[in-house]
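Asker: Please read through the structure below; I'll follow up with questions.
The values are calculated or read from the model by the stated rules, or taken from the named source; none is laboratory data. Computed from a predicted structure; not experimentally measured. Neighbour counts are summed over all protein chains in view; Cβ atoms, including those assigned to glycine, are modelled from backbone coordinates with ideal geometry.
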């Protein structure tokens, strides 16, 4: 991959700026469009580079937003990080600050309750879209390992929805199974 030029970095900044305003539920909810733009439309990153960037950042301690910095780093090093992170942080931080102040002053208003109730399904839909984007390359090749991984995913979701088991135990179980090489 070749480093993006200054014009390309301005386009990346603008695209991430726009996506930041759609990041209801966090930046990870906009990962499908980041993938579409960086991998599909521009070809600056491969599928594997994108997925690895997201996985690496999610495995590291810290905020979910770290994957945006890793994507920027893979695009153009430090200038790429500055373009992606500033594009993501400037509008979302500004809107969040203004909206939280307004919502605090009007917390009992019907409109505030309606906005909060309406954003919940949007967030869930965006996160499902992200999950599909990240899982899709693995689901394409339905071999025994993929079927074990899908069964593990389904059982984890069922356990989380139907019991009060701490999710850390399920993560530890998944890590143990992964360490054995089954998945």
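Asker: Take the residues in the range 154-168 that are assigned to a helix (DSSP H, G or I) and in contact with a helix residue (DSSP H, G or I) (Cβ under 8 Å, 6 or more places away or on another chain); name whichever of them is farthest from residue 31 (Cα to Cα).
Answerer: Out of the qualifying residues, it is 159.
Asker: For the subset of the range 76-105 comprising residues that are at pLDDT below 85 and in contact with a helix residue (DSSP H, G or I) (Cβ under 7 Å, 6 or more places away or on another chain), which member is surrounded by the most Cβ atoms within 10 Å (Cβ to Cβ)?
Answerer: 92
Asker: Kindly evaluate residue 137 against the criterion of being touching a helix residue (DSSP H, G or I) at 6+ places or on another chain (Cβ under 8 Å), surrounded by fewer than 12 Cβ atoms within 10 Å (Cβ to Cβ) and either farther than 21 Å from residue 68 by Cβ or touching a residue at least 40 places away in the same chain (Cβ under 8 Å) (or both).
Answerer: no
Asker: Confirm whether residue 108 is more than 20 Å from residue 18 (Cα to Cα), surrounded by 13 or more Cβ atoms within 10 Å (Cβ to Cβ) and modelled with pLDDT under 90.
Answerer: no
Asker: Out of the residues in the range 27-45 that are in contact (Cβ under 8 Å) with a residue 40 or more places away in the chain and either within 14 Å of the chain's Cα centre (by Cα) or more than 17 Å from residue 85 (Cβ to Cβ) (or both), which is surrounded by the most Cβ atoms within 10 Å (Cβ to Cβ)?
Answerer: Filtering the range 27-45 for residues that are in contact (Cβ under 8 Å) with a residue 40 or more places away in the chain and either within 14 Å of the chain's Cα centre (by Cα) or more than 17 Å from residue 85 (Cβ to Cβ) (or both), the one surrounded by the most Cβ atoms within 10 Å (Cβ to Cβ) comes out as 31.
Asker: Can you confirm whether residue 149 is within 27 Å of residue 34 (Cβ to Cβ) and in contact with a helix residue (DSSP H, G or I) (Cβ under 9 Å, 6 or more places away or on another chain)?
Answerer: yes
Asker: On the basis of being over 26 Å from residue 9 (Cα atoms) and modelled with pLDDT of 80 or more, does residue 157 make the cut?
Answerer: Spelling it out, residue 157 is indeed over 26 Å from residue 9 (Cα atoms) and modelled with pLDDT of 80 or more.
Asker: So which of 20, 53 ends up being under 15 Å from the mean Cα position of the chain (by Cα), more than 30 Å from residue 118 (Cβ to Cβ) and buried (at least 19 other Cβ atoms within 10 Å of the Cβ)? Give the derivation first.
Answerer: On the way: 20 fails: more than 30 Å from residue 118 (Cβ to Cβ).
Going through 20, 53 in turn, just one is under 15 Å from the mean Cα position of the chain (by Cα), more than 30 Å from residue 118 (Cβ to Cβ) and buried (at least 19 other Cβ atoms within 10 Å of the Cβ): 53.
Asker: If you don't mind, there's one more thing I want to ask. Does residue 70 count as without any contact (Cβ under 8 Å) to a residue 40 or more places away in the chain and buried (at least 19 other Cβ atoms within 10 Å of the Cβ)?
Answerer: Yes; evaluated as a whole, the condition is true for this residue.
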